[in-house]
Amino acid sequence: MITLNNIVIGFDKDLFTVDRVGFQKGKVHVLTGKNGIGKSAFLRTLSGLLKPLQGEISLDDKALDKYSDRELSTHISFVSSSQKGVSFLSVDAYLMLGRSNFTNMFGNASEEDLKAVEKAKSIFGITHLSHKHTNQISSGELQLCAIAKAYVQETDYILLDEPTAHLDYQNKKRVYELLKQISIDQNKGIIISTHDLDLAFKFPFNFYLIKESDLKLHEIEGFNDIENEFNS
Amino acid sequence: MKLILFGFFFLLISCGTKPDDSQIKDSENLCKYSKWLRISETKDLVRIEITNPDDPSQIVKLKLPNFKSNKNKSQTYDVKNPIQRIAVLSSTHIGMLGELNLIDRIVAVADLKYVHNTKLKNKGAIELGEEQLISAEKIISSGAEIVIYSGFSNEFPRQNLLHKIGIETIPNYDWREVHPLGRAEWILLFGYLTGHADEAKNKFNQICTNYENIKDEVQGNKSILTLSGNMTGDFWYAPAGESYHAQLFDDAGLSYLFSNEKGTGSLSLSFEKILGITDNVDLWLNPGFNNKTQILKTHPKSRLLKPLKLSSVFCYSHDTNKYWELSACRPDLILSDYAELKKGIQMESNKLFFYKRVQ
Amino acid sequence: MIGVKSHTVLLFVVFVGILGLSFFGLMLGDIPTEFSDLYPALLDYSSQDINQVIIREIRLPRIMMAIVSGAALSVAGMLMQTLFQNPLAGPYVLGINSGSSLMVALGVLSGVGFFNSELGLIGSALLGAFVFGLFILFTASFLRNQIGLLLFGVMLGSFVSAIITILEAGSQAEALKSFALWSMGSLNNATVEQIPMIFSVFIITCFLTFFIIKPLNILVLGEEECRLMGYDIKKIRILIVFITALFTGLITAFCGPIAFVGLAVPNLTRMLFKTQNHMLLLIANLLFGAFFLLTCDITIQLFSDILLIPINALTSLIGAPFVIYILIRKLR
């Protein structure tokens, strides 16, 4: 479980605070809030890219900053909101980069690695893109690939920043389905930020709201809280 | 009838065209070797013509009175009185004025650090810098009446401005002369401008006599195979067979490796080619360095050259100021150096004027 | 899609090509040499035979330098293009060769005796590359991202150019020509005694490069991705800069600046093999780079009777249109 105690999230200035929250494995946790409030910064802090301005984050009862970068990458994977395609990088090669913690020192794949990538492609429905270069596919397709890449990393926790932004409705639904399934079947803790709240609320996820009024993270039960926040 | 018509025609023609006094005829030209300098002298008038080697239609013409006689007031002269204050931009000019004992007339030079003449070093002069970047103000402040320049580029900067003020700018193409005596002959220019024409003529004749004497003595026996030049970048630059240096080698009776190559400039050859043909070379001249370490630092592969291994390399680089100042006007001294070098083991190094063994 | 098998075949063909061109280059020159001179020149040397001397002392070092320079600069270019995620980056963007240029300029143009007489051209260039390399490494270690490094390299280059221009303005014609010729680049400067040392440094640096292949693969996705995979991006950046400095400094010291190889070849190999796998790219760049520069060198030798072509001119003549082609493709 990832626990936060008296955290101040921010980059070069304070953005919002968290009194106490725990993200367990086996569930999908959804972060909501107005634009610019700090959802991305929050996810980046959990992934180790940023440090909290105050307070301590623990992963499985060990402080996050006590983990080495390498160790952390075996526990937490992060999919940022902007993905860019690279020329001459095939989707297969791209996904294999997600297996970096398993491949040998030159990045060569083993049977297991190949199997893991095949499985991810089939789960996310991107097998037909295998040989395409990542700069030749649509942004929606690239987003699915990015999620698949985080999946093959085989971490306990997957953090995703607006993973459904470029997807059509069908694929948005598909992604939420997959995330729900993965979290249950493989006991992973999944934390996402999203604006697709109508759809997300249809799923049995945990919801959190960063309220503008007090700049704090709150756990919320019903859609009303969301509506109030965005109507004010 | 035809005769009258012909005579009439003749009169018409000779009246119609003014007597062409703008070109010195060959018969009047007292310069024997120079290609670009022409001087004619009569009782009243001295005419000097300097032709631009790159554009023979461009000729600088100067009219001076013959300073020995009384001036003819009806003529307009470019230089009215013997020049007392000169600005010179090349070492060769200093050398020539030095030979005429006229160092005290020099008021400005290009760069004092390249001066060899002790009298001038002690006297000092205003420094004008590179010809192309020269400042007109500095020239004027030096009080120079004329500026002698080398003409590396086409026009001397500020030429018109200086002319308006009355400062004459005169090109000296001694460096373009291929004949060694033609180069030295420019001493006459300095002689005539400063009112020391006779001294200049005597000095030049002396140089010519020296030169011819040495040449007669040594020219016949062409036994010493000679290499010249050095590697710059990827190529070996050596004087071509019709160049100034090649002429000197020939007059000195040195068998120059490239004497058959056409051209008056430089040849560029690969090092491989040089290595392939220099196995029998006795003498290597003008590498441009005064010690072996320098040669090897610039081009380590030079150690494969036989003359370097045998230390039969000679150059003037131990005192480049002296060479650049005096080599142009004293080709007889270069020739005497070469004649001495030809003696091989029997040469006496203290008799060498410009050259020294490169160790 | 080229399969792995055809990758290997292509690389092998290029390798054979390098051997073939080397052989041809050893036999080609102003002085006619025989095939029978080749074996003794290389393995049973007698310094009396002029043909052997020419092969061993003049042609062999030149061929070796062509191979090492082409290979080293191409790999350095590959590293720079991956670090900056920019196909237009070349080995000189960091400004290493500015150090060499500056030291050589000081030696040749300023007339300050120390630089010229004590160190010689190669010594000056090596020292310059070393000092600047240290300086750049130091800067790289505390910069936050690679844009700063790029800007720093560009500024360094401009600054040194300005100083060199001032030196040039006050120089004599001979000195100017000397410096201009150095700047044109030359494969002829290394001696046969120096070749083993040059080759050793080259091999060691190649070896070092093997250790960062995996992070390089991830780096194409950006520095953040690299961090997320557990790599210390600062260390990786410093290592990349260090390796590039070694390659570039070594070559610039012995050959002067050689343009376009480091820019064109890595782009060529990426396009040809359609990959971002740096293991494959590393080997491909080594081979293609060596082959390219060898070809340029042989071309120069073939034309040497008709036209003198400095190496930089040829690499630019071929490289520039190719780079324009890349630009057009990128802009489409």
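Where a number appears in this text, it was derived from the coordinates with a stated rule and is not lab data. Just so it is clear, the model here is predicted, and its values are computed rather than measured. Cβ placement follows ideal geometry from the backbone for every residue including glycine, while neighbour counts extend to all protein chains displayed.
Need one word for chain B: rounded, prolate or oblate. Basis is the Cα gyration tensor (sqrt eigenvalues a ≥ b ≥ c); a/c below 1.5 gives rounded, then a/b vs b/c decides. Note, shape of chain B comes out prolate. Here the sum of -39500 (n - 2.57) over DSSP H runs of 4 or more residues, divided by the residues of chain A, equals -10500 deg cm²/dmol at 222 nm, to the nearest 500. Orientation-averaged projection of the protein assembly as shown equals 57.6 nm² [convex hull of Cα atoms, one quarter of hull surface area]. Per-residue shielding of A:129-138, expressed as the average number of other chain Cβ atoms within 10 Å of the residue Cβ, stands at 1. Look at where the Cα atoms of the stretch B:158-174 and of the stretch A:54-105 average out, and the two centres are 77 Å apart. Each DSSP beta bridge with both residues in chain B is either parallel or antiparallel, and the antiparallel ones are about 55%. Taking GluC sites (Glu not before Pro) as exposed when DSSP calls them loop and at most 16 other C-beta atoms lie within 10 angstrom, chain C has its longest site-free stretch at C:35-192.
By the scheme Lys and Arg +1, Asp and Glu -1, what is the net charge of all other residues having a beta-carbon under 14 Å from that of C:Ile233?
Charge balance in the 14 Å sphere: +2.
Each residue of the stretch C:317-326 is assigned a 3J(HN,Hα), and the resulting list reads 4, 7, x, 4, x, 5, 5, 4, 4, 4 Hz, derived from the Karplus form 6.51 cos²θ - 1.76 cosθ + 1.60 (θ = phi - 60°), x at Gly and Pro. Basic side chains Lys and Arg get +1 at the Cβ, acidic Asp and Glu get -1 at the Cβ, and with that the dipole of the protein assembly as shown about its Cα centre reaches some 620 debye.
If you average the sequence gap of Cα pairs under 8 Å that are 6 or more apart and divide by the length of chain C, what percent do you get for the contact order?
Working: 439 pairs, mean separation 98.4, N = 332.
RCO, chain C: 30 percent.
Give the whole-number value, in cubic angstrom per residue, of the convex hull volume spanned by the C-alpha atoms of the stretch A:103-232.
Cα convex hull per residue, to the nearest whole number: 145 Å³.
Pairs with C-alpha atoms separated by more than 31 Å, drawn from the list C:Lys5/C:Lys234; A:Lys39/A:Lys172; A:Lys13/A:Lys202; A:Lys121/C:Lys5; B:Lys80/B:Lys138, are C:Lys5/C:Lys234; A:Lys13/A:Lys202. The long axis of helix A:111-124 is offset from the longest Cα principal axis of chain A by roughly 60 degrees. Scanning residues 5 or more positions from B:Ile126 or on other chains, those with amide H under 5 Å from its amide H are B:Ala108, B:Val109, with H placed 1.01 Å from N in the peptide plane.
Note on the stretch B:315-340 and the stretch C:3-31: Cα centroid distance 53 Å, given to the nearest whole angstrom. Calculated FRET efficiency, C:Val154 and B:Asn81, Cβ-Cβ r, R0 45 Å, to nearest 0.05? Efficiency computed from Cβ-Cβ geometry: 0.15.
Take A:178-190, B:118-130 and order them by the average number of nearby Cβ atoms within 10 Å per residue, most first; the result is A:178-190, B:118-130.
Between A:His133, A:Leu209, A:Phe230, the Cα set farthest toward the positive side of the dipole of the stretch A:2-231 (charges on each charged residue's Cβ, about the Cα centre) is that of A:His133.
I'd like the mean, over residues of C:266-279, of how many other protein chain beta carbons sit within 10 Å of each residue's own Cβ. That works out to 3 on average. For the stretch B:219-357, the convex hull spanned by the alpha carbon atoms encloses 106 Å³ per residue. Using the alpha-carbon positions of the stretch A:1-149, Rg (one decimal) and Dmax (whole number) come out as 17.4, 47 Å. Shape class for the stretch B:253-304, computed from the alpha carbon gyration tensor (a ≥ b ≥ c): prolate, with a/c not under 1.5 and a/b above b/c. With the Cα gyration tensor of the stretch C:33-175 giving a ≥ b ≥ c as the square roots of its eigenvalues, does the rule (a/c under 1.5 for rounded; else a/b larger than b/c for prolate; else oblate) give rounded, prolate or oblate? It comes out oblate by the Cα gyration axes.
Phi angles across the stretch A:49-63 convert, under the Karplus curve 6.51 cos²θ - 1.76 cosθ + 1.60 with θ = phi - 60°, into 3J(HN,Hα) values of 5, 10, 9, x, 5, 8, x, 10, 10, 10, 10, 6, 6, 10, 4 Hz, Gly and Pro given as x. For a quick check: with amide H placed at 1.01 Å from N, whose amide H comes under 5 Å from B:Asn66's, ignoring anything fewer than 5 positions away on the same chain? Amide H neighbours of B:Asn66: B:Leu45, B:Val46. Among C:Tyr39, A:Tyr208, A:Tyr67, a tally of other beta-carbon atoms within 10 Å of each Cβ gives an order, fewest to most, of C:Tyr39, A:Tyr67, A:Tyr208. Near the amide H of A:Thr32, within less than 5 Å, lie the amide hydrogens of A:Tyr208, A:Leu209, A:Ile210, all on another chain or at least 5 residues away, with H placed in the peptide plane. The value of relative contact order for the stretch B:219-357, using C-alpha pairs under 8 Å at least six residues apart, is 23 percent. The Cα center of the stretch A:160-210 and the Cα center of the stretch C:189-255 differ in position by 42 Å. Convert each backbone phi in the stretch B:281-294 into a coupling constant with the Karplus relation 6.51 cos²θ - 1.76 cosθ + 1.60 (shift: θ = phi - 60°), then list the ³J(HN,Hα) values in order as whole Hz, x for Gly and Pro. Result, rounded to whole Hz: 6, 8, 9, 10, 10, 6, x, x, 10, 9, 9, 5, 4, 4.
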